[in-house]
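Notes to accompany the following structure.
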Amino acid sequence: MLDTVFWPLVKIVVLLNAVMVSVTFMTLLERKVIAWAQSRLGPMRVGPYGVLQAFADPLKLMTKEDITPANADKVMFTLAPILSLVPAFVVFAVIPFGGDPLYYVADINVGLLFIISVTSIGVYGIILAGWASNSKYPLLAGLRASAQLISYEIAVTMTLVSVILTAGTLSMVEIVEAQQEAGIWFGFIQPVAFVLVLIGGLAETNRAPFDMPEAEQELTGGFHTEYSGMRFGLFFLAEYANMIVIAAVVVVLFWGGWLRPFPSVGALALLDYIPSWIWLFSKMFLVLYLFIWIRATLPRYRYDQLMRIGWKVLIPIAIANVVVTAVVKVLL
Amino acid sequence: MAETIAFYTLSVLILGLAVLVVTVKNAVHSVVALVMSFLCVAALYVVLEAEFLAVIQILVYAGGIVVLYLFVVMLVNLDRSPEEHEDPRRLSIFGLCLAGAMLLEVAGIVVYSYNRSASTVTAPAAASPVQGNTQELGWLLYTDYLIPFELASVLLLVAMVGAIVLAKRDL
Amino acid sequence: MMEITPAHYTVLSAALFTIGVIGVLVRRNIIIIFMAIELMLNAVNINLVAQARQVENLVGQVFVVFVIAVAAAEAAVGLGIILAFYRNKETVNIDEMNVMRW
């Protein structure tokens, strides 16, 4: 009873708290990094060097007035942010922060498929938000954003098939253990898959340069135009939580998860004194920094260019990658 | 014990949401109830130790097919006000009682035959090694049932081409 | 009643199937009818998986994979037909879909 109910609950509470805090600090990190890329300083007033801005923003959102449009579908209007946020948090149950069973909530033997399927539930939040607002800008933006999401989901899923072929298993813990046995991170064996999952992950979370559906200059705020106060805050949180999920999945699949660099070189064994979860967090931080850097640098794609890349460029490359991986695996 | 609680909770949820799907007037609410129902069915598959099927159910059914339904419902509802979608229902109490009676009959037959033949159910020998649901299913799909597998992929290709041709505005 | 036998799952599957049949017969909106058909397919899937666990042979689950694949194909084509019809006649009420009647 203690093992099956109590300890997982403790782990879930700790994990949820960690994710919420890191999501609030992600907002600050993004503003700071984009500011430094643009030769300015970003938020500096609240707290030393602007660090407490991360807490000031949610506080502001919570104290704002909660407006519901007059003819909006009230049930769906309330349900949409929830349907957007919950799948982003559920995925963290299968991400391993270390090899010991203490460090993950559950190791299900279809972990990677679980992640893909649960993130595809997040599409409903966007469609319902666009529909329930009863206004043309959110509806068009919602349909566009969900079409973009389901298109890039196909490319990412096919790319992950080649990763599954390399690792030989679907469970996240066993994929990292396979990297430990192989002695090399899968990012070096499967560079094409790594780049494809990065691009597909950017597109799935509606991040620049694929953020046409929520760009302010294009569709006046996209599917969350009519949302205000903490409901908008929930969409905001959901987007950053999705980004952290994609970063975690990329690190576990391609950058060795909790392993130190060069896991098979014995001479670097003293790096093992650094706990496994610190390795994971540092690598995730690097990936998130990369995402923010891309946003600060690249202009955004037009919608038809975006869809063309998803269907006509990424999917053929993903299929070719699967075929090449299968052939190499049979020959070796 | 855990299976009992899980089964009864999930079956109440599944049947309740299915009734919502069939009775609610607003089509979008109906579709959302369908998604929730499919997620509960996926949880039931996990209780039945078929976790690969549970994930496939979420990925294909809840994350693909129902999104398609939602798109079509929204495209059809775009230029009409919601009040026009009152469809007169052919509902009668006699019909519902008849359906309930048939359900009770079927349930009675099932329970009776299960209790009678419980001792004579034989399990055919499983030829494949026991490794886990995904591996076993993959083994079966690629050895014994390869031809249906390939035919299913041809069927999906035909459906894709057909759906595009039907829904295009100008060919 | 305390121990869950495959008969329980079959009764659940029968009840879900009945709800699906009532949906097909009662509703007039053709998209809701299609969704009730999906409910019926899910009922059959639950039954197949429960019986597969009972006889410890995975053929039932293989069948479920094919049912899901065929349901996806049928949903795509069916919704394409609905969209094509809607473009012509502006209705989704099946009482008004009688263009080919004599």
*Working from the alpha-carbon coordinates of the stretch A:59-147, get Rg over Rh, Rh being the Kirkwood radius.*
1.13
*Find the all-direction average of the projected area of the Cα convex hull for chain C, expressing the result in square nanometres with one decimal place.*
8.1
*For chain A, find the longest principal axis of its Cα atoms and tell me its angle to the long axis of helix A:230-254, 0 to 90°, nearest 10.*
20
_Descending semi-axes in Å of the stretch A:141-243, equivalent ellipsoid built from Cα gyration tensor_ = 34, 14, 11
*asked:* Using a Förster radius of 41 Å, what is the FRET efficiency between A:Ser135 and A:Leu52 based on their Cβ-Cβ separation? Nearest 0.05, please.
replied: 0.70
*Counting only other chains, what is the mean number of Cβ atoms within 10 angstrom of the Cβ of each residue in peptide A:65-75?*
1
_What is the sum of charges, Lys and Arg at +1 and Asp and Glu at -1, for the other residues whose Cβ falls under 15 Å from the Cβ of A:Leu234?_
-2
*Quotient of C-alpha Rg and 2.2 N^0.38 Å, computed over the stretch B:1-82*: 1.24
_Neighbour-count ranking [beta-carbon atoms within 10 angstrom, fewest first] of B:Val19, B:Val165, C:Val11_ = B:Val165, B:Val19, C:Val11
_Please state the shape class of the stretch B:130-171: rounded when a/c is under 1.5, otherwise prolate if a/b exceeds b/c and oblate if not, all from the C-alpha gyration tensor._
prolate
*With label points built 7 Å along Cα→Cβ from the Cα atoms of A:Ile184 and A:Ala35, find their separation and express it in nm.*
4.3
*Can you give me the Cα centroid spacing of the stretch A:63-109 and the stretch A:279-305 in angstrom?*
22
_Those residues of the stretch A:309-332 whose amide nitrogen sits under 12 Å from the label point placed on B:Glu150, 7 Å along Cα→Cβ_ = none
*First check a/c for the protein assembly as shown, with a ≥ b ≥ c the square roots of the eigenvalues of its C-alpha gyration tensor; if it is under 1.5, answer rounded, and if not, answer prolate when a/b is larger than b/c or oblate otherwise.*
oblate
*Taking C:Phe17, A:Phe186 and counting other C-beta atoms within 10 Å, the order from fewest to most*: C:Phe17, A:Phe186
*asked:* Just to verify a number: FRET efficiency for C:Val99 and A:Ala106, C-beta to C-beta distance, R0 = 41 Å, to 0.05?
replied: 0.15
*Under a cut-off of 24 Å between alpha-carbon atoms, report the lysines in cross-link reach of B:Lys168, not counting same-chain residues fewer than 8 places apart.*
A:Lys136, A:Lys312, C:Lys89
*Once the mean 1/r over all distinct Cα pairs of the stretch A:190-258 is inverted, what Kirkwood radius in angstroms do you read off?*
13.3
_Within-12-Å neighbourhood charge of C:Val67 [Cβ basis; K, R +1; D, E -1]_ = -2
*Relative contact order for the stretch C:6-91, counting Cα pairs under 8 Å that sit 6 or more residues apart, in percent*: 25
*For the stretch A:280-332, restrict the atom set to alpha-carbon positions and state the Rg and Dmax in Å.*
16.4, 43
*Taking each residue of C:33-43 in turn, how many C-beta atoms of other protein chains fall within 10 Å of its C-beta, and what is the average?*
5
*So how long is each side of the stretch A:2-331 along the principal axes, counting just the alpha-carbon atoms, biggest first, in Å?*
63, 49, 46
_Selected from A:Ala178, A:Gly229, B:Val73, residue furthest toward positive end of dipole (the protein assembly as shown; charges at beta carbon)_ = A:Gly229
*Could you state the orientation-averaged shadow area of the convex hull built on the Cα atoms of the stretch A:1-120, in nm² to one decimal?*
12.0
*Taking the Cβ of A:Thr78 as the centre, find all other residues whose Cβ is under 15 Å away and add up their charges (Lys, Arg: +1; Asp, Glu: -1).*
-1
*Name the residue, out of A:Tyr103, A:Tyr227, A:Tyr152, whose mean-square fluctuation peaks in a Gaussian network model built on chain A with Cα pairs under 10 Å.*
A:Tyr103
*Where the centroid of each part is defined by its Cα atoms, how far is the stretch B:1-28 from the stretch A:128-168 in Å?*
27
*So for A:Ser120, A:Ser151, fewest C-beta neighbours within 10 Å to most, what's the order?*
A:Ser151, A:Ser120
*Can you give the helix-only mean residue ellipticity at 222 nm for chain A, where every DSSP H stretch with n ≥ 4 adds -39500 (n - 2.57) and the sum goes over all residues, rounded to the nearest 500 deg cm²/dmol?*
-21000 deg cm²/dmol
_Need one word for the stretch A:192-332: rounded, prolate or oblate. Basis is the Cα gyration tensor (sqrt eigenvalues a ≥ b ≥ c); a/c below 1.5 gives rounded, then a/b vs b/c decides._
oblate
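A short reminder: the numbers here are calculations on the coordinates, not readings from a lab. Worth saying up front: this structure is predicted, and the values here are computed from it rather than measured. Cβ atoms come from the backbone with ideal geometry, glycine included; neighbour counts cover every protein chain shown.
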